[in-house]
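The values are calculated or read from the model by the stated rules, or taken from the named source; none is laboratory data. Since the structure is predicted, the reported quantities are computational estimates derived from the model, not experimental observations. Here the Cβ is made from the backbone with ideal geometry for all residues, glycine too, and neighbour counts use every protein chain on show.
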Amino acid sequence: MSISRRDFIVTSAALGAAGYASPFAIGSPNQPSKMLNIGLVGSGGRGSGAANDSLTANPNVRLVAMADVDLAKAKAARDGLKKAHGDRVSVDDARIYGGLDGFMKVINDPTIDLVILTTSPGFRPGHIKAAVEAKKHVFAEKPVCTDSAGYRTCCEAHDLALKQGTAIVTGTQYRRQPSFMEAIRNIKEKGMIGEPVSMTARYCAGEIWYRDRLPGQSDADYQIMNWMHFIWASGDQIVEQAVHNIDVVHWMFGTPRSAFAVGSRWHRPADSEMWDSFKVDYQFDGGRLCSFTGRHWPKATGDFDNVVYGSEGIAQIKAFSNGSIISDRNGKELWRMKGDIGAAYRQEHKDLVDSIVAGKPIVELRQTAESSLMAVMGREAAYTGRTVGWDEITGAKLDLFPHDIAKGVVAKPFVRIPGEYELA
Ligand SMILES: NC(=O)c1ccc[n+]([C@@H]2O[C@H](COP(=O)([O-])OP(=O)(O)OC[C@H]3O[C@@H](n4cnc5c(N)ncnc54)[C@H](O)[C@@H]3O)[C@@H](O)[C@H]2O)c1
């Protein structure tokens, strides 16, 4: 396990010349080195952040290839990462790919062990599927789908990864943040709040970015760039952002039977498909209700916390680095823990790489596919103005991806209106 960098390069080259796919072949019982080669797909804000997190948390990885529809963005991200991590960012211009097919050049690169998938969410199911079929280990940012078809693609990819022994970790960092993990352990395993009865979860923010159309830009290029505002690409706020909180509801109570929701739209730019707010009641077995509230309202205050109500107490599980507190029904504090979201962002990449090196790959895609679909289900309940069931949403046709996007074809944007809009 301690071969030098030079030996490593020589060994890689020799194995490559012999037609051997990767010096770290998946499932190989005797991996010659702990070093893993990473390819990054989607080199925007989170892509750069995720690559940085992996390189920071794992001395045994290096970044060797990148893709982004916007080549200049990928090069800028590469230069920034190289400044921070030196030789472990070894991506020459020939291994930076632009365009919509650039991701396949990363995924098909036989020297790459692990791909980080951080484009806008609409592309995620297709990218995950291609990466898993190419036998790559995967880090996939949340949400992992924006519709029912994408959910089913993720479930298939999860099963294939399990079967072939490749890893998939997702960007639900709170699942690796001790202030969340311990709070939920205290509730579920130690019974600190008695019987958990219900929960509220909030993702209530101010404004979100909007990227103005560039002169001469095609509809497809514009939607890819200004992706937050198109439902196929982002899933709307409830899916794109609030999946973090809905994932905590899933962690606590599993998948719901149904969702009933309301929402509003009053301030979005004219061509945005997004709503401004969502309020969803998720119904679970035994008639228990958990409620989610989310919005982007300009100049409004923020609240991103989760509260679990039990027969004997209350747990506040706060977002970012704000920590958790458990109290009894009289408000007496029983337990508290500080939070550190930065550490959680790095931990997910450490757990992924450690699991690969140990030959015990983590596969957690289905869990995040379910949380993402719970968010889709709440959104569709609001858009349609009626109750939507779990069985209905898992089986729905709902396939929003513009399959002819490579030919520049995307649908004309429209706002879903209850009573007019139907869930297919
Ligand atoms: N876990 C977290 O807390 C967290 C935080 C921020 C963002 N995210 C997630 O990360 C993802 C990316 O968000 P972001 O803020 O980095 O967005 P961004 O717009 O900054 O970056 C997305 C990048 O992907 C590129 N891209 C889009 N489609 C592509 C394709 N088909 N092939 C290659 N490149 C493509 C874009 O050009 C852009 O550079 C989203 O899913 C978002 O929800 C997660």
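Taking region 94-118 as the range and being touching a His at 6+ places or on another chain (Cβ under 7 Å) and within 11 Å of the ligand (Cβ to nearest atom) as the test, the residues that pass are F103, L117. Close contacts from region 348-362, counting a first residue that is over 12 Å from I116 (Cα atoms) and a second that is assigned to a loop (DSSP other than H, G, I, E, B) and among the aliphatic types (A, V, I, L, M), with Cβ to Cβ under 7 Å and a gap of 6+ residues or different chains, come to D351/I362; S355/A167; S355/I362; I356/A167; P361/A167; I362/A167.
Rundown of residues vs (1) in contact with a helix residue (DSSP H, G or I) (Cβ under 7 Å, 6 or more places away or on another chain); (2) of a type in the set (S, T, Y); (3) modelled with pLDDT under 95, yes/no style:
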position: T153; (1), (2), (3): yes, yes, no
position: A161; (1), (2), (3): yes, no, no
position: A167; (1), (2), (3): yes, no, no
position: S179; (1), (2), (3): no, yes, no
position: K188; (1), (2), (3): no, no, no
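Looking across region 326-355, the residues that are under 30 Å from L63 (Cβ atoms) and charged (D, E, K, R) come down to D340, R346, E348, K350, D351, D354. Reported count of residues in region 113-147, each being assigned to a helix (DSSP H, G or I), closer than 24 Å to G378 by Cα and out of contact with any strand residue (DSSP E or B) (no Cβ under 7 Å at 6 or more places or on another chain), is 5. Within region 227-256, the only residue that satisfies the criterion of being touching an Asp or Glu at 6+ places or on another chain (Cβ under 7 Å), within 15 Å of the ligand (Cβ to nearest atom) and outside any helix (DSSP H, G or I) is F230. Going residue by residue through region 177-185, is there one that turns out to be small (G, A, S) and touching a residue at least 12 places away in the same chain (Cβ under 8 Å)? Yes: region 177-185 contains one or more residues that are small (G, A, S) and touching a residue at least 12 places away in the same chain (Cβ under 8 Å). Note on region 58-76: residues that are outside any loop (DSSP other than H, G, I, E, B) and either near the ligand (Cβ under 8 Å from one of its atoms) or assigned by TED's automatic domain parsing to the domain that holds M225 (or both) total 3.
Note on region 46-68: residues that are β-branched (V, I, T) and surrounded by 23 or more Cβ atoms within 10 Å (Cβ to Cβ) total 1. Give region 257-294 a look and list any residue that's buried (at least 24 other Cβ atoms within 10 Å of the Cβ), away from the ligand (no atom under 16 Å from the Cβ) and under 30 Å from E189 (Cβ atoms), or say none. Scanning region 257-294 gives A259, V280, Y282, C290, F292.
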